[in-house]
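The values are calculated or read from the model by the stated rules, or taken from the named source; none is laboratory data. Predicted model, so just to flag it, every value in this text is computed and none were measured. FYI the Cβ positions are ideal-geometry reconstructions off the backbone, even for glycines, and counts take in every protein chain you see. Ligands, DNA and RNA are excluded from the accessible area calculation, which covers all protein heavy atoms including side chains. Shrake-Rupley method; radii C 1.70, N 1.55, O 1.52, S 1.80 Å.
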Amino acid sequence: MKVLIVGSGGREHAIAWSVAKSPKVDKIYCAPGNAGIAEFAECVNIKAMEFDKLVAFAKENAIDLTIIGMDDPLVGGVVDAFESEGLRVFGPRKNAAIIEGSKAFSKDLMKKYKIPTAAYENFTDPDEAIKYLETAKMPIVLKADGLALGKGVLICQNLEEAKEGVKTLMLDKQFGHAGDRIVVEQFMTGREVSVLSFVDGKTIKIMSSAQDHKRAKDGDQGLNTGGMGNFSPSPFYTKEVDEFC
C-alpha cells in the first residue's frame with residue numbers, strides 16, 4: 001500500500017520510521033517532510049495547510065492511507081476534506097480536533113463531565129481578565145486559547161507579570177489570533193505525564209505514558225516551549241495513577 005504522511009517535525013519522522021517497518025507498505029510520501037524523513041519517504045513540496053493540493057495528490061497517486069501528524073491541519077478540518085472525497089485518512093475530524101485547538105473549549109468540556117482539572121476562568125476582554133487577576137492567588141497561569149505551537153502558556157509569579165501577560169497575549173497578539181481569548185488557570189506543581197489513546201468512537205487503545213520537559217533553561221527557569229525533550233514510559237505513571245485515569 002501507499003501511505004502519505006502530513007507534517008514536517010519529529011513526530012512525523014517517528015511515524016515515517018514506524019510505517020516503514022510494515023511489510024504492507026510499498027511506498028511512503030511525506031508533505032512537506034524534512035531531511036530526516038527523506039530517509040524513509042519521498043518528500044513532496046506541499047504545505048500541511050494546502051488541503052486541496054493534498055487531496056489532489058492523494059487521488060493522483062492512489063494513496064491508500066493518509067496519516068495527519070500536525071495539529072494545525074487537524075484543527076483546520078483536513079480529515080473532513082479527505083473524507084468528503086472518499087479518501088482513507090487517520091486523524092480526528094474538525095469537530096473533535098477542537099479539543100486541541102481551543103483550551104477554553106477543553107476546560108469547559110472537563111468541567112461539564114466532571115473530569116478533574118485546575119480551577120480556571122475564560123476571558124475575551126483584557127480589562128475583565130485584569131480585574132479578575134487583581135483578586136486572584138499568585139502565581140497564576142495564562143494560556144492563549146488557540147494553537148501556539150506549544151508556546152502560548154505564561155506562568156506569572158505576581159500581579160505585574162500577570163498584567164504584562166494579558167498585554168502580551170491579548171493586546172500585542174504575540175501568538176496571533178490564538179490570544180483572542182485566554183484561559184486564566186490555577187497554578188499547580190507536580191510531574192507532567194501524558195497518556196494518549198487511539199479511539200474510533202467504540203474502541204480505546206491506550207498508548208504508553210510519556211513525560212515532557214516544557215520549560216527552557218537549567219532548573220526550569222525559562223519560558224514554556226513546545227517541549228525541551230521527552231521520554232517514555234514515565235516512571236511516575238504508576239499502576240495507581242493508571243487505574244485512576
> Restricting attention to segment 149-165, does a residue exist that is open to solvent by 40 Å² or more (accessible area, probe 1.4 Å), without any contact (Cβ under 8 Å) to a residue 40 or more places away in the chain and within 28 Å of residue 93 (Cα to Cα)?
Replying inline: no
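Okay, residues lined up against (1) in contact with a Pro (Cβ under 6 Å, 6 or more places away or on another chain); (2) within 25 Å of residue 231 (Cβ to Cβ); (3) at pLDDT below 95:
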position	(1), (2), (3)
10	no, yes, yes
17	no, yes, no
26	no, no, no
50	no, no, no
56	no, no, no
66	no, no, no
85	no, no, no
93	no, no, no
> Can you pull out the residues in segment 116-127 that are farther than 13 Å from residue 163 by Cβ, open to solvent by 80 Å² or more (accessible area, probe 1.4 Å) and free of Cβ contacts under 8 Å to residues at least 12 places away in the same chain?
Replying inline: 116
>> If the requirement is being open to solvent by 50 Å² or more (accessible area, probe 1.4 Å), outside any loop (DSSP other than H, G, I, E, B) and among the polar types (S, T, N, Q), which of these qualifies: 197, 209?
In response: 197
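Within segment 128-148, can you find the residues that are among the hydrophobic types (A, V, I, L, M, F, W, C) and either more than 22 Å from residue 175 (Cα to Cα) or open to solvent by less than 20 Å² (accessible area, probe 1.4 Å) (or both)?
First pass over segment 128-148, keeping only residues among the hydrophobic types (A, V, I, L, M, F, W, C): 129-130, 133, 136, 138, 140-142, 144, 147-148.
Listed by number, the residues that qualify are 129, 133, 136, 138, 140, 141, 142, 144, 148.
How about segment 217-238: which of its residues are open to solvent by 80 Å² or more (accessible area, probe 1.4 Å), modelled with pLDDT under 80 and assigned to a loop (DSSP other than H, G, I, E, B)? I'd like the intermediate steps shown before the answer.
Pass one, segment 217-238, residues open to solvent by 80 Å² or more (accessible area, probe 1.4 Å): 217-218, 220-221, 223, 228, 230, 233, 235-236.
Now drop any that are not modelled with pLDDT under 80, which leaves 220-221, 223, 228.
Result: 221, 223, 228.
Here is a yes/no grid of residues against (1) touching a Leu at 6+ places or on another chain (Cβ under 9 Å); (2) among the acidic types (Asp, Glu):
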position: 10; (1), (2): no, no
position: 26; (1), (2): no, yes
position: 52; (1), (2): no, yes
position: 60; (1), (2): no, yes
position: 68; (1), (2): yes, no
position: 82; (1), (2): yes, no
position: 95; (1), (2): no, no
>> Anything in segment 151-176 that is touching a helix residue (DSSP H, G or I) at 6+ places or on another chain (Cβ under 6 Å), part of a loop (DSSP other than H, G, I, E, B) and over 23 Å from residue 212 (Cα atoms)? List them, or say none.
In response: 173, 174
> Within segment 5-16, which residues are in contact with a strand residue (DSSP E or B) (Cβ under 8 Å, 6 or more places away or on another chain), of a type in the set (Gly, Ala, Ser) and open to solvent by less than 40 Å² (accessible area, probe 1.4 Å)?
Replying inline: 7, 16
